[in-house]
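Undergrad: One structure follows; several queries about it will come next.
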Amino acid sequence: MAQSRLSFDANADTPIHPLVLEAWVDAEQNYPGNPASLHREGRRAQGVLEDARSRVARLLQCSAKEIIFTSGATEGNNLALLGMADALSEQFGRPLSIWTSLAEHPSVLGPLRMLQQKGHLLTLLPVGKGGEISNEGWEKAAAEGTPDLIALQWANNETGVVQPLHLLQHFPSTPFHCDAVQGFGKLPLHTDVLRAETLVLSGHKLYAPKGVGILRVSEMALIHTILGGGGQQNGVRPGTESPALAAALALALELAMEEQRTFAKKANQCRRVFLDALHEKTSRFQENHTSKGLPNTLNLTFSGLDGRMLLPACDAQGLGLSAGSACSSGAPDPSPVLQAAGLSREDSRSSVRISFDRNTTKEEAHEGGARLGETVLRLYEIALR
Ligand code: PMP
């Protein structure tokens, strides 16, 4: 009999929430028109867009002017980092000292590398277990001077580690960019995150459609526009907005906030059940996540197994898991985050991420843990032959 398919890859993408889908379709069907047009259809579309903006602003405790709709977090990270660096370096009249961590997403490290190539000084803070920024690394960098700009994630997409953002209190006047993509909806919203000058979210990690995200730009932030265009959204992100995507995202964020505590509790139970079921089959694995990390995320290393076989073998057993960041999983390279956390190239390659969504049941988590256990046992047998 064919096995039911189990997908545990919520940190890469989440299934759309049925109410969000309804809101998206409703706005798309009933509010046509360009929100910048001055006729009635345009004004009605603009009404939907601005209602969504206000609702997001309420959730993120800021004014509606500070909310910019984007196509997703990659765009948001680029607009924020390149835009702030441009404005700050013009103000200071010199290259900037920018801090980030080795555990950041490529959509943060990418623009920062571009800035480094232009002459800015980039400090990559070292990380320890699970990719958590190490105290020693932070203190060493702090002993060398005050940064002009800091870019750090709230939580890591691969291991689920929650970064010690309270450390930023040491630099209260340094502009801070926060990639909050993985924390929102999984962790309680925290002032350490909300204090960011620029903050980024992505719809498709939160049961909203792909192709929409948020960039919150504080009124205090010094930022230049890096895209030329029609001047929409304060010029920071010119281009015609989608009222329907904005309405869908506003609802998705509201639901995610409402469900955060329940989700965290259920996801934590799924983690336990999954690990117990896996342990019943094998204990030949190492845990890269931490108990204080994202409640829905596990990251496991099966040392000695050929990483190139691990995911396809799981897939063949109806188990959709990930090697880390979906954006780079097509590449054969082992995870840079796990390597920065101290794992060897081989062990990084032999690692999988398991991430649960709001629909995952404990029964599915149990079945998933057992199926993964059986799969790796078979692979270990082959490796020993
Ligand atoms: N930051 C983090 C932490 C992520 O996990 C992702 C998605 N993998 C992104 C940024 C990029 O998001 P998007 O797909 O919306 O561009």
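The values are calculated or read from the model by the stated rules, or taken from the named source; none is laboratory data. Note that this is a predicted model, so its numbers are computed, not measured. Glycine gets a Cβ as well: all are built from the backbone with ideal geometry, and neighbour counts include every protein chain shown.
Undergrad: Checking the structure you have, find out if any residue of the range 103-122 is outside the structural domain of residue 295 (by TED's automatic domain parsing), within 21 Å of residue 206 (Cα to Cα) and surrounded by fewer than 17 Cβ atoms within 10 Å (Cβ to Cβ).
TA: Looking only at the range 103-122, we keep the residues that are outside the structural domain of residue 295 (by TED's automatic domain parsing), and these are 103-122.
From the residues that got through so far, the ones that are within 21 Å of residue 206 (Cα to Cα) too are 104-108.
Keeping just the survivors that are surrounded by fewer than 17 Cβ atoms within 10 Å (Cβ to Cβ) gives 106.
Within the range 103-122, one or more residues are outside the structural domain of residue 295 (by TED's automatic domain parsing), within 21 Å of residue 206 (Cα to Cα) and surrounded by fewer than 17 Cβ atoms within 10 Å (Cβ to Cβ).
Undergrad: Further question: Among the residues of the range 339-365, count how many are outside any loop (DSSP other than H, G, I, E, B), in contact (Cβ under 8 Å) with a residue 60 or more places away in the chain and closer than 16 Å to residue 322 by Cα.
TA: Quick first cut of the range 339-365, residues outside any loop (DSSP other than H, G, I, E, B) only: 339-340, 345-349, 351-355, 362-365.
Remaining after also requiring in contact (Cβ under 8 Å) with a residue 60 or more places away in the chain: 340, 347, 351, 353-355, 362, 364-365.
Filter once more, so that each one left must be closer than 16 Å to residue 322 by Cα: 347, 351, 353-355, 365.
Going through the range 339-365 one residue at a time, the tally reaches 6.
Undergrad: I want to confirm something. Restricting to the range 68-93 and keeping residues that are outside any helix (DSSP H, G or I) and within 16 Å of the ligand (Cβ to nearest atom), which single residue is surrounded by the fewest Cβ atoms within 10 Å (Cβ to Cβ)? Reasoning before the result, please.
TA: So the first thing to find is which residues in the range 68-93 are outside any helix (DSSP H, G or I), and the list is 68-72, 93.
Imposing the further condition that a residue be within 16 Å of the ligand (Cβ to nearest atom) reduces the set to 68-72.
Details: 68: 24, 69: 25, 70: 26, 71: 17, 72: 21.
The qualifying residue surrounded by the fewest Cβ atoms within 10 Å (Cβ to Cβ) is 71.
Undergrad: Then there is this: If we keep just the residues of the range 269-297 that are outside any helix (DSSP H, G or I) and of a type in the set (A, V, I, L, M, F, W, C), which is surrounded by the most Cβ atoms within 10 Å (Cβ to Cβ)?
TA: Here is the first cut: in the range 269-297, the residues outside any helix (DSSP H, G or I) are 282-297.
This time we only want the ones that are of a type in the set (A, V, I, L, M, F, W, C), so: 285, 294.
On the way: 285: 20, 294: 28.
Once the filter is applied, the top-ranked residue is 294.
Undergrad: For the range 185-213, which positions are more than 14 Å from residue 72 (Cα to Cα) and either within 12 Å of the ligand (Cβ to nearest atom) or among the acidic types (Asp, Glu) (or both)?
TA: Hits for the range 185-213 are 186, 192, 197.
Undergrad: How do the helices (runs of 4 or more DSSP H) wholly within the range 96-199 filter down when requiring 1 or more residues that are closer than 18 Å to residue 337 by Cβ: which remain? Show your work before the answer.
TA: Values: elements: 106-117, 135-143, 191-194.
By residue number, 106-117, 135-143.
Undergrad: Turning to a different aspect of this structure: Going by the structure shown, is residue 61 in contact (Cβ under 8 Å) with a residue 24 or more places away in the chain and assigned to a loop (DSSP other than H, G, I, E, B)?
TA: Working: in contact (Cβ under 8 Å) with a residue 24 or more places away in the chain: yes; assigned to a loop (DSSP other than H, G, I, E, B): yes.
In short, yes.
Undergrad: Please enumerate the residues belonging to the range 355-370 that are surrounded by 20 or more Cβ atoms within 10 Å (Cβ to Cβ) and in contact with a Cys (Cβ under 9 Å, 6 or more places away or on another chain).
TA: Scanning the range 355-370 gives 356, 360, 365, 368.
Undergrad: Could you tell me which of the residues 215, 189, 206, 199 is surrounded by fewer than 18 Cβ atoms within 10 Å (Cβ to Cβ) and either under 25 Å from residue 297 (Cα atoms) or not assigned by TED's automatic domain parsing to the domain that holds residue 244 (or both)? First the steps, then the outcome.
TA: Values: 215 fails: surrounded by fewer than 18 Cβ atoms within 10 Å (Cβ to Cβ); 206 fails: surrounded by fewer than 18 Cβ atoms within 10 Å (Cβ to Cβ); 199 fails: surrounded by fewer than 18 Cβ atoms within 10 Å (Cβ to Cβ).
Matching residue, one of 215, 189, 206, 199: 189.
Undergrad: Residue by residue through the range 1-34, note down the ones that are more than 16 Å from the ligand (Cβ to nearest atom) and assigned to a loop (DSSP other than H, G, I, E, B). Break it down into steps so the answer makes sense when it comes.
TA: So in the range 1-34, the residues more than 16 Å from the ligand (Cβ to nearest atom) come out as 1-6, 17-19, 21-34.
Answer for the range 1-34, where residues must be more than 16 Å from the ligand (Cβ to nearest atom) and assigned to a loop (DSSP other than H, G, I, E, B): 1, 2, 3, 4, 5, 17, 31, 32, 33, 34.
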